[in-house]
Amino acid sequence: MIEALTKRVRSNVQKVIVGNDDVIDRLLVAVICEGHVLLEDVPGIGKTTLARALATSLGCSFRRIQFTPDLLPSDVTGINWFNQKKQEFEFRPGPILSQVVLADEINRATPRTQSALLEAMQERQVTVDGRTHHLERPFLVLATQNPIELAGTFPLPEAQVDRFMMRLELGYPTELDENAILERFRAEDPLPSLEAVTSPDEILASQKERMDIRVEESVRSYLVQVVRATREHDEIELGASPRAALALYQASQAWGAIQGRDYVIPDDIKDLAPDVLTHRLMISPQAQLRGRKPQDLVAGIVDSIPVPVED
């Protein structure tokens, strides 16, 4: 079911998004794992359009939060307000109580407001004035940030960065793709006419199916070695957490299912490790002075660990 579902969603999103097929597939991995994704790239690449196209294709409720320095935590989670007519307090839900939430330019909000997402992203619930409100499943946060323009921004705390299953970049389109974009959007925007091709119930069923994808002991051991190597590397001050190991494990299961397999192979881990681990690492100042980047270190780690082979 996972392979068929992802084919339908991918094909539907491609009616709006030109190119970036690999990014779309990785977003589908996050959907199947109910993980969150940080889209980091320059403005105008199509991050918001991609998020809206995905939410529409999934048939899920969608809300967009424009993060600004004056945004308050209550603007995200909601408030309790006094209804004078009923003479009682009522909860007015914030935009976080949606199934797909776009946190646009998330690093422009203050740390206090950013922290309002922590409970929702991990426990799938929000607490307002001591009362807990559970979020409707599936729940997915797609956050965007511009890595170039840093004036007026606040760095994401490590606790929040670690809650994103993957960090993805779209990149500029190729010449052929850019021509196709101009042609596709020449007459009208195809996004408003896009329709859902699946349902929340089918997505939840695919998430359960993902749990049955087999991961042999040797492949699991390989994954653990990759994650632990980030903690023992001389040029890395902060390595990947156990949450990162679990994210890579779940993502590799989903990736295998998307490829039509009921098992995980080492190449699945190698393909996904840069997207799952890179944003979680903090490299040493000496490594930064030498021009080393987290993605280079992850690639080196993956290449240095022997891949398990079948007897």
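Rule-based calculations on the coordinates, nothing more; no lab input. On a predicted model such as this, the values are computed, not experimentally measured, just so you know. Every residue, glycine as well, gets a Cβ built from its backbone with ideal geometry; the counts of neighbours run over all protein chains shown.
Taking the inverse of the average 1/r across all pairs of different Cα atoms in the stretch 2-201, what Kirkwood radius in Å do you get?
Here the Kirkwood hydrodynamic radius works out to 17.9 Å.
Could you tell me what percent of the DSSP beta bridges with both partners in the chain are antiparallel, to the nearest 5?
40 percent
For the modelled label position 7 Å from the Cα of V309 along Cα-to-Cβ, which residues of the stretch 199-241 have backbone nitrogen atoms closer than 17 Å?
218-219, 222
In terms of Cα to Cα distance under 19 Å, which lysines are near enough to K47, apart from those fewer than 8 places away along the same chain?
Excluding near neighbours in sequence, the set is K15.
Would you work out the relative contact order for the stretch 211-304, in percent, from Cα pairs under 8 angstrom that are 6 or more residues apart?
For the stretch 211-304, the relative contact order is 33 percent.
Only Cα pairs within less than 10 Å get springs; with that Gaussian network setup on the chain, which residue of R228, R290, R124 has the largest fluctuation?
Checking each option, the largest mean-square fluctuation is seen for R290.
Could you work out the relative contact order of the stretch 2-201, using alpha carbon pairs under 8 angstrom and six or more residues apart, expressed as a whole percent?
33 percent
Antiparallel versus total DSSP beta bridges in the stretch 1-130: what percent is that, nearest 5?
Taking every DSSP beta bridge within the stretch 1-130, about 55 percent pair in antiparallel fashion.
Are there any trypsin sites (Lys or Arg not before Pro) in the stretch 1-94 that are in a DSSP loop and have at most 16 other Cβ atoms within 10 Å? List them by number.
Of the trypsin sites (Lys or Arg not before Pro), the ones in loops of the stretch 1-94 whose Cβ has at most 16 other Cβ atoms within 10 Å are K15, K85, K86.
Just tell me which aspartates and glutamates come within less than 15 Å, Cα to Cα, of K270; anything on the same chain fewer than 8 places away is out.
Leaving aside aspartates and glutamates fewer than 8 places away in the same chain, those within reach of K270 are D22, D296, D303.
As a test, work out the antiparallel percent of DSSP beta bridges whose residues both lie in the stretch 85-214, rounded to the nearest 5.
Percentage antiparallel, nearest 5: 50.
In the Gaussian network model of the chain, springs joining C-alpha atoms below 10 Å, which of L176, L135, L156 carries the largest mean-square fluctuation?
L176
State the Cα centre-to-centre distance between the stretch 191-213 and the stretch 41-96 in whole Å.
Here the two parts' Cα centres lie 22 Å apart.
Please return the longest range in the chain lying between exposed loop sites, taking GluC sites (Glu not before Pro), DSSP loop only, at most 13 other beta-carbon atoms within 10 Å, and leaving the sites out.
Counting at most 13 other Cβ atoms within 10 Å as exposed, the longest clean stretch of the chain is 1-135.
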